[in-house]
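The values are calculated or read from the model by the stated rules, or taken from the named source; none is laboratory data. Since we're looking at a predicted model, the values are computed, not measured. FYI the Cβ positions are ideal-geometry reconstructions off the backbone, even for glycines, and counts take in every protein chain you see. Just so you know, the surface numbers come from the protein's heavy atoms only, side chains and all, with ligands and any DNA or RNA stripped out. Shrake-Rupley method; radii C 1.70, N 1.55, O 1.52, S 1.80 Å.
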Amino acid sequence: MTISLLPLVKMKRSVSSAETAPVNQLLMILGGLEDSEGGVIATKRGATTGYLSQEPALDLDLTVAEEIERGLKEIRQAMAEFNELSARMASGSPDMDRLLNRQGELSGWIEHHGGWNTDYRVAEIMTHLQLPEPDQRIAELSGGTKRRVALAKLLLEAPDLLMLDEPTNHLDADTTQWLQEYLKSYPGAVLLITHDRYFLDQVATRMLELDEGVISSFSGGYTNYLEQKEEQLLQEEQSRSRLLNLLRVETAWIRRGAKARSTKQKARIDRYHALQEKNVVQQAKDSRIAFTTEETLGGTVLEFHALTKSFGPRTLLSDLTFLMKRGDRIGIIGPNGCGKSTLLKMIMGEESPDRGSVTVGKKTRVAYFDQTRDILDPEQTIYDFLGEGDYVQVGPDKRHKIGYLEDFLFSASDRRRKIGTLSGGEKSRLIMARLMLQDANLLILDEPTNDLDIPTLQLLDESLSSFPGCVLMVTHDRFFLDKVATGILAFEGNGRAVFYEGNYSHYRELKEQSRLEEKNAAHREERKPAKANSSEPKVRKGLTYGERLELEKLEPLIEELEQQKASLEAKLADPLEYAKSAEGIAGLSAEYSKLEQELAGKYARWEELEMKKET
């Protein structure tokens, strides 16, 4: 079961600092990083838990391989004990029943935690999470890479309860897709916080919304949550209408001068006061998060001409030519480290291209959101970050800083908080608040959705969709790109960046269509008849007689090997069975490994012959 704690911050007039990240605090309490003020956390006896925080603590003196190995410590210990018990039983221990029981417990635990194929799991996870070389030291890694190492370590540890705080941060779209599928088949339970709405829809089987200290449960993923939440709000609105009507009747009665002399009258007055208290509920306030600009864009907004950039032997961009036009909201996508942020820095003048040019239009006014948050001074207060004085200019309006900050979910009491005490989401909201004061007509956003709660994301979606200027954004958030982007600039490796019209889903459709066309073209090329004057020997189509016979024999052989594999798996899971074996667990494991390799070879040959049969 995978449960999501919905990152919800209620839009309201006053939000205390403790309420800005309640779900993160709850997960930290469950993960043992913070103490609760009361109550009990009950866990199943013997159950293991694992927690991925947004800023995991790793040993900086270790290498990547050494840190990963720490996640395998329990599995290695269990397998060592399992083998030790096998050796003792093989030598004729007098305490055979106890050893068999213990070995049975270990066998089940190892099976559940994927211990029998540990080396394969390590290779798979390190590859898909794009981890650096095993001998690279943790101290040399970036923050995002450290998080991927911590995630890999935790997945290999395979606890009974996996707690993940924003696991998709710093993952590209392909890696997020892999993690999505991995968690769907995870054998234990998963409790996660994420702002990735597509991820929630695919992975979560239940949503928990934490709002003002109260948890509400919704079955299914994000789409189901939206439907159920809408129904809940409609019911609350109907209930509130009935309450208001009742209040009007009671208020009219009170104003007529009712005296509380009788018990019946006194009860009615008490009911009036109770209704008043019930009606004094702090209302959700519509946020006015909105990008505005008074500057009209000129003919040239932003243009790249033959833009080329390399670092050493590695080419990030090669001859990129691209013209941004009015109304464009372009999403830049690609794997981590491919050069997306470098492209933004070249636009901002922080990096110089090796060749080519970047042209910013004369009327283009740029506002830049940097994912590293270098703009923030930890010692500065929230209030002072917005500039001098008590007022800010928002488009044509002048507003007091406190009221303006409340639009971004900061309370009046937060004004003197130092920036260093803010959470990641609060820092992002604060940067966004200042960004909107710049009266820019080109917004350049580097991972703007990281650490934002879902209500703020929904507001950001709408704000950017209705922004009259242009937007250039680097993000891995697929849902965000689908709602906001009008085009995708995809980094496709080897310095190649290609532009696609439309949102992210349209880009994926075009890529799939292109892949199928390439595959069909390759098949057509293979099927082309040889020219009459060609001196090359003719290639026979389809299977030869011998290959047809081989294919006919392969299918029953694979079925027989699968049955042998299932039988061996049953023996490995039953201590009584492998205790009877002369070679014990070691012999059965070796036989199982050999059988898996043979099966893999047969499947590969069967697939090869089937493909050839179709040509």
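Descriptive notes on the structure:
- Residues Tyr198, Tyr225 ordered from highest to lowest accessible area at a 1.4 Å probe: Tyr198, Tyr225.
- Long pairs among Lys153/Lys571; Lys325/Lys363; Lys553/Lys602; Lys483/Lys511; Lys519/Lys613, criterion Cα-Cα beyond 21 Å: Lys153/Lys571
- Heavy-atom accessible area for Glu157, with the other protein chains in place and a 1.4 Å probe, reaches approximately 50 Å².
- Close amide H contacts of Leu302 (hydrogens built in the peptide plane, cut-off under 5 Å, sequence separation of 5 or more or a different chain): Met324, Gly361.
- Entry note, the range 329-445: relative contact order of 35 percent, from Cα contacts under 8 Å with a spacing of 6+ residues.
- Placing a pseudo-label 7 Å from each Cα along the Cα-to-Cβ vector at Ser36 and Asp397 gives an inter-label distance of 4.2 nm.
- Distance from the Cα centroid of the range 456-514 to that of the range 98-170 is 32 Å (rounded to whole angstrom).
- Accessible-area value, Arg88, 1.4 Å probe, nucleic acids and ligands omitted, Å²: 90 Å²
- ³J(HN,Hα), Karplus 6.51/-1.76/1.60, whole Hz, each residue of the range 195-210, x for Gly, Pro: 9, 7, 6, 5, 4, 4, 5, 7, 9, 6, 9, 8, 10, 10, 9, 9
- Per residue, the range 304-399 exposes an accessible area of 53 Å² to a 1.4 Å probe, with every protein chain left in place.
- For the range 23-90, the equivalent ellipsoid built from the Cα gyration tensor has semi-axes of 32, 21, 7 Å, listed from largest to smallest.
- Contact order normalised by residue count of the range 101-251, Cα under 8 Å, 6+ apart, percent: 15 percent
- Sum of side-chain charges, Leu343 neighbourhood, beta-carbon under 9 Å (Lys, Arg +1; Asp, Glu -1): +2
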